[in-house]
Amino acid sequence: MKGKLVGMNGDRAVAFAAKQADVDVISAYPITPQTIIVETLAEYVNNGELNAAFIPVESEHSALSAAVGASLAGARVFTATSSQGLALMWEILWIAAGLRTTIVMAMGNRALSPNINIHCSHDDAYAARDTGWLQFFAENVQEAYDLTLMAFRISEDHRVLFPSIVNLDGFILTHATEGLYVLDDEDVKAFLPKKKPVNPIDPSKPMTYGPLDLFDWYMEHRRLQYASFMSTPPVIKEVFEEYGKLSGRRYTPVKTFNVEGAEVVLMVLGSSAGTVRYVSRKLAEKGKKVGVVSLTQYRPFPVRELIEALSGASVVAVMDRSVSFGSPGAQLFMDTSTALLKAKRRPLLFNVVYGLGGRDLTPGDVEKIVMKAEEVLRRGETPEEPVWVGVRGEE
Amino acid sequence: MSESIVLKLKTWKDLPIGGVIPEPSTSLYNKTGNWRAMTPVLDEKKCIKCLLCWIHCPEPAIIRKDDDSVKIDYDYCKGCGICANVCPVHAIEMKLGV
């Protein structure tokens, strides 16, 4: 591992990464559990450690609006949010993506109200899934730091030019102090040269941004945005590889663990992957094979890599830290189901809802999911509704 | 304007990214005159050159000449009728059709 070993919580690690990225503008509004990120950045700016404009806005809607303007003016821009804050940003999310800004936003994943909860669900990440932002999920503090640095490089690449969200589980990662390796400032500087803006706001070359666009051209603009967004994965992979050479930490869009020869595979996002892998390791000691598949890249959804990762599975439990009312399953389940329609051979698929509002996912819960998967495989049929794990009133 | 980028756009593959209009004054290509249902017709003999129509036209589709007489720019006039309404000497009449 390259760099210096330090202890930081997820929020501080993300703020440190944004500082090393030498951001020009931070436009943010505090909301638990990401508050420490913007507090830390405010300290850096106040101490003179970071030469950036810190815009303390009056709401998240304004936070992202100012970030859009700054990004279009050519600045490297960072912001952060969670849950209700993301909800308030929602209309600007589409605008930030459609105008091809390169904002990097950390999201301390938190459950949506009601009832008021400050702990982890993936409601907010999922709420942004269709808006045209690249999305990455960190599994630990190290990944939150690494992905923040990589997100700037990916977003600002001229073959990409889309904003990025780096997801880190509220409290589990935002507030937990872990050891991580941080790169030298010089290495980061070489990895992240100054942003070269495309079509920046320039009074000597006037352009119209976000004009009225009716039935005559709107559809062509969406067609172009779609094609551009879908062409980003090779660049993401390229940046992952380059960062791997720089840091010694290798990233891939999809992570697999113990999948070879495993009939049962559990699929998961974020910090829970560690718990699920722990159980997989314990079961492997007893001779039982359970595979684990987790995603680092969530948008664009890595369809081909996922099909490959699940190609040996007979049954897959897709675990969602969210619930989608009235949908045929929660969000990761729907994505996975659709992706697997393109596979030659499909495993049985069922949905698990777990961990809402910060409810712990215990190793015992994971074992229950494995048992449920084995039962699904034995019977050859999947449950109609998601299986709720760790909730009072279910067996 | 003959060098215009936007007039050369044919398919989504030609578009600049971010949905920008990459040059100024492209609204001139949008001849809104064909939106008209009613057409203002000016009787120059009645006109007293007060320029109230020129001030009030929201488009602006009233062209002011050097001697303060006016001309209606039918390429962009949408036929809203404000000019006819404000004219103190009824020199502008709204007629049905384009």
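Filtered by the rule that a residue be over 11 Å from B:ARG36 (Cβ atoms) and either part of a loop (DSSP other than H, G, I, E, B) or touching a Pro at 6+ places or on another chain (Cβ under 7 Å) (or both), segment B:60-71 gives B:PRO60, B:LYS65, B:ASP66, B:ASP67, B:ASP68, B:SER69.
Here B:ASP66 passes the criteria (1) of a type outside the set (A, V, I, L, M); (2) within 30 Å of A:PHE229 (Cβ to Cβ); (3) more than 16 Å from the chain's Cα centre (by Cα) except the one numbered (2).
Of all residues in segment B:12-64 being among the charged types (D, E, K, R) and touching a Phe, Trp or Tyr at 6+ places or on another chain (Cβ under 6 Å), which is farthest from the other protein chains (Cβ to nearest Cβ)? Reasoning before the result, please.
Step one: of segment B:12-64, the residues among the charged types (D, E, K, R) are B:13-14, B:23, B:31, B:36, B:43-46, B:49, B:59, B:64.
Pick out the ones that are also touching a Phe, Trp or Tyr at 6+ places or on another chain (Cβ under 6 Å) and you get B:59, B:64.
On the way: B:GLU59: 16, B:ARG64: 26 Å.
Across segment B:12-64, the extreme among qualifying residues is B:ARG64.
Quick check: is even one residue across segment A:237-249 more than 20 Å from the chain's Cα centre (by Cα), within 30 Å of A:ASP360 (Cβ to Cβ) and surrounded by fewer than 21 Cβ atoms within 10 Å (Cβ to Cβ)? No, segment A:237-249 contains no residue that is more than 20 Å from the chain's Cα centre (by Cα), within 30 Å of A:ASP360 (Cβ to Cβ) and surrounded by fewer than 21 Cβ atoms within 10 Å (Cβ to Cβ).
From B:CYS77, B:CYS50, grab the single residue that is touching a helix residue (DSSP H, G or I) at 6+ places or on another chain (Cβ under 7 Å) and part of a loop (DSSP other than H, G, I, E, B). Please lay out each step first, then the result.
Details: B:CYS50 fails: touching a helix residue (DSSP H, G or I) at 6+ places or on another chain (Cβ under 7 Å).
Answer to the check: B:CYS77.
Can you give me the ranges of the helices (runs of 4 or more DSSP H) entirely in segment A:209-314 with at least 2 residues that are more than 14 Å from chain B (Cβ to nearest Cβ) and touching a residue at least 12 places away in the same chain (Cβ under 8 Å)?
Working: elements: A:218-230, A:233-247, A:272-285, A:303-309.
Because the criterion is at least 2 residues that are more than 14 Å from chain B (Cβ to nearest Cβ) and touching a residue at least 12 places away in the same chain (Cβ under 8 Å), the helices (runs of 4 or more DSSP H) in segment A:209-314 that meet it are A:233-247, A:272-285, A:303-309.
Would you confirm, using the coordinates I've provided, whether A:VAL38 is farther than 22 Å from A:ALA70 by Cβ, β-branched (Val, Ile, Thr) and modelled with pLDDT of 95 or more?
Numbers: farther than 22 Å from A:ALA70 by Cβ: no; β-branched (Val, Ile, Thr): yes; modelled with pLDDT of 95 or more: yes.
For A:VAL38, the condition - farther than 22 Å from A:ALA70 by Cβ, β-branched (Val, Ile, Thr) and modelled with pLDDT of 95 or more - is not met.
Filtering segment A:98-122 to residues that are more than 14 Å from every other protein chain (Cβ to nearest Cβ) and surrounded by 24 or more Cβ atoms within 10 Å (Cβ to Cβ) leaves A:VAL104, A:MET105, A:ALA106, A:MET107, A:GLY108, A:ASN109, A:ARG110, A:ALA111, A:CYS120, A:SER121, A:HIS122. When B:PRO40 is tested against the conditions (1) loosely packed, with under 14 Cβ neighbours inside 10 Å; (2) under 18 Å from B:LYS78 (Cα atoms); (3) at pLDDT 95 or above, the lone failure is (1).
With the requirement that a residue be of a type outside the set (Ser, Thr, Tyr) and closer than 30 Å to A:GLU156 by Cα, what does segment B:17-59 give you?
The first filter runs over segment B:17-59 and keeps only residues of a type outside the set (Ser, Thr, Tyr), leaving B:17-24, B:28, B:30-31, B:33-38, B:40-59.
Listed by number, the residues that qualify are B:ILE17, B:GLY18, B:GLY19, B:VAL20, B:ILE21, B:PRO22, B:GLU23, B:PRO24.
Taking helices (runs of 4 or more DSSP H) as the structural unit, those lying wholly within segment A:1-86 and holding at least 3 residues that are in contact with a helix residue (DSSP H, G or I) (Cβ under 8 Å, 6 or more places away or on another chain) and within 24 Å of A:THR177 (Cα to Cα) correspond to A:10-20, A:35-47.
The values are calculated or read from the model by the stated rules, or taken from the named source; none is laboratory data. This is a predicted model, so every value here is computed, not measured. Cβ sites come from the backbone with ideal geometry, for glycine too, and all protein chains shown count toward neighbours.
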